[in-house]
Ligand code: FAD
């Protein structure tokens, strides 16, 4: 299929991109195009103008520091996935990225584009949410930092105002004695997940669980984050946590899976992911 007609701007600086978006606030940013172009071709979106940011070199950044990983709007999935420095500071990123589509799509699609697309079944929104990350947004009106908890408003609905561009996303580092795990179930590897979980477990000096959080994809309109610290059982037993999650979640039903199956899956994935994350935390602490 062919897209509806649209205007096209290809700025080379961020300021030019923001000016272009200000001139046509109902226009859309074109990043990797791996979600937007299919939507146009299927005529599910018809923006009057595309602002292509692929020539804006200042957005093609990946900064890794002790505090976390800052991913610029043009950093492709593959670049972040392959960064050993990013994986060392925040291993969840690489672990989740390996489940995002296929290598060819990851070569072109961007991390920030995936967040801005805000698909409830996507991996990276759940990762940003469980880590309490942030998105930096800019427009001709100024800049602001949006916490993950406020960024995902609804399915395909980020908290970006008309004319605003997501400049970067920040994924905080894993604290000491912290383990992480990412697990999902998809019909085929690379498909969007039926359900998935990003788990983070931190141990205290006595090797007791001091924090356990899980971020879910595929079960609700926006990423769901649950604090499971109180549900940690002795000797690495997470069955109570899994039962709590099964009782708590209210999964969506769609053509891919019913609510009951998603509820069951969420419990199973929770137990496995928390167990793996806790084992990693223990290895790091010893
Ligand atoms: P684009 O397609 O360019 O844009 C997507 C949306 O975000 C548009 O509305 C655009 O305007 C907006 N946008 C992009 N960047 C910005 C910005 N900086 N500021 C403001 N708005 C912005 N994704 C998954 O997470 N998991 C999967 O399993 C998965 N499977 C896929 C399978 C296939 C066959 C395909 C084609 C895609 C799949 N994707 C999957 C989507 C892929 O990860 C995309 O790369 C990603 O969703 C969007 O990134 P993009 O850079 O391509 O964004």
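For residue 182, the conditions (1) surrounded by fewer than 20 Cβ atoms within 10 Å (Cβ to Cβ); (2) more than 10 Å from the ligand (Cβ to nearest atom) all hold with the exception of (1). Sort out which residues of segment 110-135 are near the ligand (Cβ under 10 Å from one of its atoms) and surrounded by fewer than 19 Cβ atoms within 10 Å (Cβ to Cβ), and write them in order of number. The one that is near the ligand (Cβ under 10 Å from one of its atoms) and surrounded by fewer than 19 Cβ atoms within 10 Å (Cβ to Cβ): 119.
Residues considered: 207, 224, 217. Of these, the only one that is over 23 Å from residue 102 (Cα atoms) and buried (at least 21 other Cβ atoms within 10 Å of the Cβ) is 224. The number of residues in segment 41-63 being part of a loop (DSSP other than H, G, I, E, B) and either more than 11 Å from the ligand (Cβ to nearest atom) or farther than 30 Å from residue 89 by Cβ (or both) comes to 10. Pairs are defined by a Cβ separation below 6 Å, a sequence spacing of at least 6 or placement on different chains, a first member in segment 67-79 that is touching a residue at least 12 places away in the same chain (Cβ under 8 Å), and a second member that is near the ligand (Cβ under 10 Å from one of its atoms) and part of a loop (DSSP other than H, G, I, E, B); the pairs so defined are 77/100; 77/109.
Test residue 11 against the criterion of being within 14 Å of the ligand (Cβ to nearest atom), modelled with pLDDT of 95 or more, farther than 30 Å from residue 131 by Cβ and part of a loop (DSSP other than H, G, I, E, B), and give yes or no. In short, yes.
Of the numbered criteria (1) touching a helix residue (DSSP H, G or I) at 6+ places or on another chain (Cβ under 8 Å); (2) farther than 24 Å from residue 132 by Cα; (3) crowded, with 20+ Cβ neighbours inside 10 Å, the one residue 262 fails is (1).
Evaluated against (1) under 20 Å from the mean Cα position of the chain (by Cα); (2) under 30 Å from residue 191 (Cβ atoms), residue 67 falls short on exactly one condition, (2). The number of residues in segment 15-46 being at pLDDT 95 or above, over 23 Å from residue 78 (Cβ atoms) and in contact with a helix residue (DSSP H, G or I) (Cβ under 6 Å, 6 or more places away or on another chain) comes to 0. Criterion first (assigned to a strand (DSSP E or B), under 14 Å from the mean Cα position of the chain (by Cα) and in contact (Cβ under 8 Å) with a residue 60 or more places away in the chain) does residue 170 satisfy it? Answer is yes for this residue. For segment 177-221, residues that are part of a loop (DSSP other than H, G, I, E, B), more than 18 Å from residue 265 (Cα to Cα) and in contact with a strand residue (DSSP E or B) (Cβ under 6 Å, 6 or more places away or on another chain) total 2. One residue stands out in segment 19-35 among those that are in a helix (DSSP H, G or I) and surrounded by 21 or more Cβ atoms within 10 Å (Cβ to Cβ): the one that is farthest from the ligand (Cβ to nearest atom), namely 20. Regarding segment 83-95, can at least one residue be identified that is near the ligand (Cβ under 9 Å from one of its atoms) and either modelled with pLDDT of 95 or more or buried (at least 21 other Cβ atoms within 10 Å of the Cβ) (or both)? No - not one qualifying residue is present in segment 83-95. Scanning segment 99-109 for residues that are assigned to a loop (DSSP other than H, G, I, E, B) and either under 19 Å from residue 73 (Cα atoms) or within 6 Å of the ligand (Cβ to nearest atom) (or both) yields a total of 3.
The values are calculated or read from the model by the stated rules, or taken from the named source; none is laboratory data. The shown structure was predicted, so the numbers you read here are calculated from the model rather than taken from an experiment. Heads up, the Cβs are rebuilt from the backbone with ideal geometry, glycines too, and the neighbour counts pull from every protein chain shown.
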